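Read-outs: derived from the displayed coordinates by stated rules, not from any lab. No experiment lies behind these values; they were computed from the predicted model shown. Here the Cβ positions follow ideal geometry from the backbone for every residue, glycine too, while neighbour counts run over all protein chains shown.
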Amino acid sequence: MRIRFGTSGWRGIIAREFTWDRVDTVVDAVASYLRQKNRHTIVVGGDCRFLSPELSRHAAERLCGYGFRVGLSTVPCPTPVLSHACIREGMGGVINFTASHNPPLYNGIKFNPWHGGPAGNDVTREIEELAAAHPVPEQGEGSIDEIDFRGEYVEALKELLDDDVFRDSGLRVVYDAFSGTGSGILDKMLVDLGAAVRVMNGVRDPLFAGREHPDPGREGTRDLSSQVVASGASLGVATDGDADRFGLVDEKGVFVSPNDYFPALLDYLAGHKGMKGKVVRSVTTSSLVDRVAEYYGLETVVTPVGFKYLGAEMLAGDVLLACEESGGLSIGGHVPEKDGILACLLACEMMCSTGKSMSQLLEDVWKRFGRSHVVREDIVLKGDLREKMTEIFIESHPRLPGGTSVVSVDRMDGVRMILENGDWVLVRLSGTEPLARVYAHSGSPGRARLLANEVRDMLVNSGEGPR
C-alpha cells in the first residue's frame, strides 16, 4: 500500500497502515529529501498518542545515524511549539508524530519544512515518491540535543498578548486539555496572567479518556460546557491532542463555533487594537469574516481546505489573521501553522480588554454585520459511497434535490454549489480520514441544516443523482 500524505501529513490506523517499518520508510524519505535540499538539521517530537514518544526517540536516533543534527523534544509537544522551535533554531524541518484530532486508533507523521508551516503539495509528493523508492540514506555522524522547546514558545506567545488587560479582570476559565500536549502550557500561562483555571483531562491518556473522536468541536465540548455552567466560569476553552485546534464555550455553556469566533476576533484585532493586514480563510469558513474585513478596509484571500494553503499566504507576508472553520488559527508575527493555544489566549484577552462576555461580543458583531451559519455533516465512506459521491458531484453537473437552483459551481476544493440567494453547499473528501464532508452556508440556521441534510440523504439513502 503506497504511503499518501493528506491535508496534514500521513495518518493511519496503528498496526494496520501505521506500522514501525512504514514509519522508518517515511523517516528515510524525509532524510533523503532534506539532504537533496542541503539541509542537515531537524526537530523531532510528537504528541501524547500511543507510541508517539517512543517513535520520536527512535526517529531521532535513526536521523542521527544519517548525520543529522537533531533537536529532540524531551516531552510530548504541541504542533505549534515544534514549528516555533524549527524557525527559532533555523532547522531544516520538523518530523512530528501526531494524528491531531483523529480517533485513538490512529497515529501519523506530519512534516513541516524549514519555514515551520505545513508542507505544500509539491513537497509531500516528492516525499511520497522517495518513500515508494525506499531510499537508503548514507550513514553519517550526527548528534541529538534533547530540549524542552516549550519555554521559548511561551515567551514568544507573551509578545503577542496584551498581558496588562488580564490583571484584576476576575477571569475564570475551565480548560479541557483533551489528554494532550496543551496541558501545562495554556493553563499555566493563564494562571501566570492572573486567571483562575480549572483543568479537565490534563494527564496523558492515549485513549483520550474514552473519547471516540477527540475533536474539540460541538460534540467534544459537551462536558466542558457542563463544567463551565456548574462552576460559573467566564469561558470554557479546549485544545485537541496536539494543541493545534481549539474549542470555545461561552459563559452560558453554549458552544462557540470557529465561524462565529473568527469575525468577533477580527473585529477586536482590527477595531480595538488597530492591527492591519490581509485576512486569509479557507473556502469552508463563513463569509462573515469577509464582511468584517471589508468594513476595516482589509483584503480577504480564500484558499482550499488545509492550513498549508493559509500558511503559504502567511509566508508571503502581510497577513493579520489566518483561519479555517475546523478550528485552525494563527496571526501575523506568529508561526505559519495553526495554534489552538494562541486561539484560546486571544479569546480570553478579547474578553478582558473589552470587559464583555463572549456572548456579548458575538451579539455585538451579529448586530453590526449580520450572521452566517455553516453546518457540517461528516459521512463515513463505506461500501460504494466514494464512487457514488464522485458520480453525483464530481463527474456531472451537480444539482440539489427539491428543485433548488444551482447558479454556479466552484471546484477550488471539492464541489461548491452556489445557490440563487447566495447560500452554498460544498462537498469534498477529507484529506485525513475516510470521510466525505458536506458544508452548507446560509443566513438561516434552519436553511443551512436543511441543505446539509438533503445532500447527506442523497448520498446515503437514495443512491440516485443526476447523470
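Charge dipole (Cα centre; +1 on Lys/Arg Cβ, -1 on Asp/Glu Cβ; no other charges) of segment 43-163 amounts to roughly 300 debye.
With Cα atoms as the point set, the radius of gyration and Dmax of segment 61-174 evaluate to 17.8, 60 Å. In terms of packing, defined here as the mean over residues of other Cβ atoms within 10 angstrom, the peptides 139-152, 170-183 line up highest first as 170-183, 139-152.
Shown is the FRET efficiency for Trp20 and Val301, computed with R0 = 35 Å from the Cβ-Cβ distance and rounded to the nearest 0.05: 0.30. Packing-based ranking of 26-39, 302-315 yields 302-315, 26-39, ordered from highest to lowest mean Cβ neighbour count within 10 Å.
Say R0 is 60 Å: what FRET efficiency, to the nearest 0.05, do Glu54 and Ser405 get from their beta-carbon distance?
After rounding, the FRET efficiency stands at 0.60.
Placing +1 on each Lys and Arg Cβ and -1 on each Asp and Glu Cβ, with no other charges, gives segment 292-415 a dipole about its Cα centre of roughly 340 debye. Can you give me the C-alpha center-to-center distance between segment 49-110 and segment 303-363, rounded to a whole angstrom? For segment 49-110 versus segment 303-363, the Cα centre distance is 24 Å.
What does the extension gain come out to for Arg2 and Asp192, with contour length at 0.36 nm per residue minus their alpha carbon separation?
So the chain would gain 63.7 nm between Arg2 and Asp192.
Convex hull volume per residue, computed on the Cα atoms of segment 62-122, equals 115 Å³.
Using only Cα coordinates, the Kirkwood hydrodynamic radius of segment 86-152 works out to 14.4 Å. Building the convex hull from the alpha-carbon atoms of segment 169-369 and averaging its projection over directions returns 10.2 nm².
Pull up the DSSP beta bridges for the chain and report the antiparallel fraction as a percent, rounded to 5. Of the beta bridges lying entirely in the chain, close to 55 percent run antiparallel.
Within the chain, all pairs of alpha-carbon atoms sorted by distance into 10 Å bins from zero give the percentages 4, 21, 30, 27, 14, 4, 0. From a point 7 Å beyond the Cα of Val136 in the direction of its Cβ, which residues of segment 50-71 have a backbone N at a distance under 15 Å? Once the point is set 7 Å along Cα→Cβ of Val136, 66 turn out to lie under 15 Å by backbone N, inside segment 50-71.
For the chain, the dipole from Cβ point charges (+1 on Lys and Arg, -1 on Asp and Glu) about the Cα centre works out to 660 debye, to the nearest 20. Just so you know, the averaged projected area of the alpha carbon convex hull for segment 180-242 sits at 4.3 nm². Putting +1 on Lys and Arg Cβ atoms and -1 on Asp and Glu Cβ atoms, find which of His84, Val283, Leu419 reaches farthest to the positive end of the dipole of the chain. Farthest towards the positive pole: Leu419. Listed peptides 291-298, 47-54 appear in the order 47-54, 291-298 once ranked by packing, highest mean of other Cβ atoms within 10 Å at the front. In units of the compact-protein estimate 2.2 N^0.38 Å, segment 117-249 shows a Cα radius of gyration of 1.38.
The P(r) of segment 1-97 has a tail past 22 Å containing 23 percent of all C-alpha pairs. Dipole of segment 10-149 (Lys/Arg Cβ +1, Asp/Glu Cβ -1, origin at the Cα centre): which of Gly142, Gly12, Ala59 lies farthest to the positive side? Selected residue: Gly12.
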